[in-house]
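Below: the structure, in structure tokens.
The values are calculated or read from the model by the stated rules, or taken from the named source; none is laboratory data. Note that the structure is predicted; figures quoted are calculated from it, not measured. We place every Cβ from the backbone using ideal geometry, glycine too, and count neighbours over all the protein chains shown.
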Amino acid sequence: MLIRYGYEITLHCQQPTALVCLLSVHEDRAADMRVPETTFTTPQVPTTTYRDLFGNRCRRFVAPAGDLTMWGDATIEDDGLPDRVLPDARELPVQDLPDDCLAYLLGSRYCETDRLSQTAWDLFGTVTPGWGRVQAICDFVNGHIRFDYMQARSTRTALEAFQERVGVCRDYAHLAVALCRCLNIPARYVNGHLGDIGVPVVDPMDFSAWMEVFLDGAWYTFDPRNNRPRIGRIVVARGRDAADVPLINSFGPHVLKAFRVWTYEVSGAEQG
């Protein structure tokens, strides 16, 4: 299966403003690229790239005063299979976890494990550890939070999502991540492209957020917002929470003037 994905984003800055953007596909999908990513800005500005502490590809440049449009487009090959489901996957004791998993047990900017720990153990402490307990967390979060774009708030934390019971995909992910960590299950926040392959049409499209959980020696995808296996996820960035992986990190004020995202299946003849 071939999937074309991309974005077009226009910002307005009052003065030259440094930006760091995490908008490119993650390096672990590099071998799947069939039409390499084309990116440009209007007006054209020089850019550089680097890898952050989590292995994400970051693009760095200075936006001039006025409007700036960022555009990217690529085609990737996907196996066309839904997210893996392994009901027998086990949780590992903390002492047996790899060192690089430990950071994903700790509290972070949007995931207040200290304030949610008792709630997590009250709700899920008696659930059999393993895949089923993570799925129980996703089931709870999916039913507890009401999706509402109009009430999106960039500062909402996992605790606030739990208390307010409303949010968008990042809030679902933050709450599920925090509850997993409270139970000593490593969980990390993911953002990326997720089209409407195999499900009713989503319009308008947007970037999506979900989580990955470490069970039985590997990371597995869970999606508390959609709460069902999906086809065609394209990871852009991973981190402890949304603070680590903002699509656009602006070192100065800006106004978002336009935002468009596309993710859809194409035939071989259409991939260019």
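General observations
- Inspection of region 238-252 finds a residue satisfying the criterion of being assigned by TED's automatic domain parsing to the domain that holds V25 and among the aromatic types (F, W, Y).
- The listed residues are G6, G66, and the only one of them that is touching an Asp or Glu at 6+ places or on another chain (Cβ under 8 Å), in contact (Cβ under 8 Å) with a residue 24 or more places away in the chain and either under 30 Å from G252 (Cβ atoms) or not acidic (D, E) (or both) turns out to be G6.
- Per the listing F54, F61, the residue uniquely touching a residue at least 24 places away in the same chain (Cβ under 8 Å), surrounded by 13 or more Cβ atoms within 10 Å (Cβ to Cβ), closer than 26 Å to R188 by Cα and of a type in the set (F, W, Y) is F54.
- Put simply, of G80, G72 the only residue that is of a type outside the set (D, E), part of a loop (DSSP other than H, G, I, E, B) and surrounded by 12 or more Cβ atoms within 10 Å (Cβ to Cβ) is G80.
- Which listed residue is within 22 Å of F251 (Cβ to Cβ) and either part of a strand (DSSP E or B) or among the aromatic types (F, W, Y) (or both), from T49, T38: T49
- Helices (runs of 4 or more DSSP H) enclosed by region 112-225 - at least 3 residues per element that are outside the structural domain of D28 (by TED's automatic domain parsing), more than 23 Å from T263 (Cα to Cα) and under 18 Å from the mean Cα position of the chain (by Cα): 131-144, 169-182
- All of V25, V45 fail the test of being closer than 18 Å to I197 by Cβ and not assigned by TED's automatic domain parsing to the domain that holds F214, apart from V25.
Each row is one residue, and each column tells you yes or no for (1) under 22 Å from R260 (Cα atoms); (2) over 22 Å from the mean Cα position of the chain (by Cα); (3) surrounded by 15 or more Cβ atoms within 10 Å (Cβ to Cβ).
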| site | (1), (2), (3) |
| --- | --- |
| R4 | yes, no, yes |
| I9 | yes, no, yes |
| H12 | yes, yes, yes |
| Q15 | no, yes, no |
| S24 | yes, no, yes |
| A30 | no, no, no |
| P36 | yes, no, no |
| V45 | yes, yes, yes |
| Y50 | no, no, no |
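- If you go through region 91-100 and pick out every residue that is assigned to a helix (DSSP H, G or I) and either in contact with a Pro (Cβ under 6 Å, 6 or more places away or on another chain) or closer than 18 Å to R156 by Cα (or both), you end up with 0.
- Residue match in region 203-213 (condition: among the charged types (D, E, K, R) and touching an Asp or Glu at 6+ places or on another chain (Cβ under 9 Å)): yes
- For region 226-261, a residue qualifies if it is farther than 26 Å from I145 by Cα and assigned to a loop (DSSP other than H, G, I, E, B), and the qualifying residues are F251, G252, P253, H254.
- Condition met for A103 (part of a helix (DSSP H, G or I) and at pLDDT 95 or above): yes
- Taking the conditions (1) surrounded by 15 or more Cβ atoms within 10 Å (Cβ to Cβ); (2) within 21 Å of the chain's Cα centre (by Cα); (3) within 24 Å of R240 (Cα to Cα) in turn, V85 satisfies each one other than (1).
- Qualifying residue in region 108-116 (condition: β-branched (V, I, T) and either more than 25 Å from W219 (Cα to Cα) or surrounded by fewer than 15 Cβ atoms within 10 Å (Cβ to Cβ) (or both)): no
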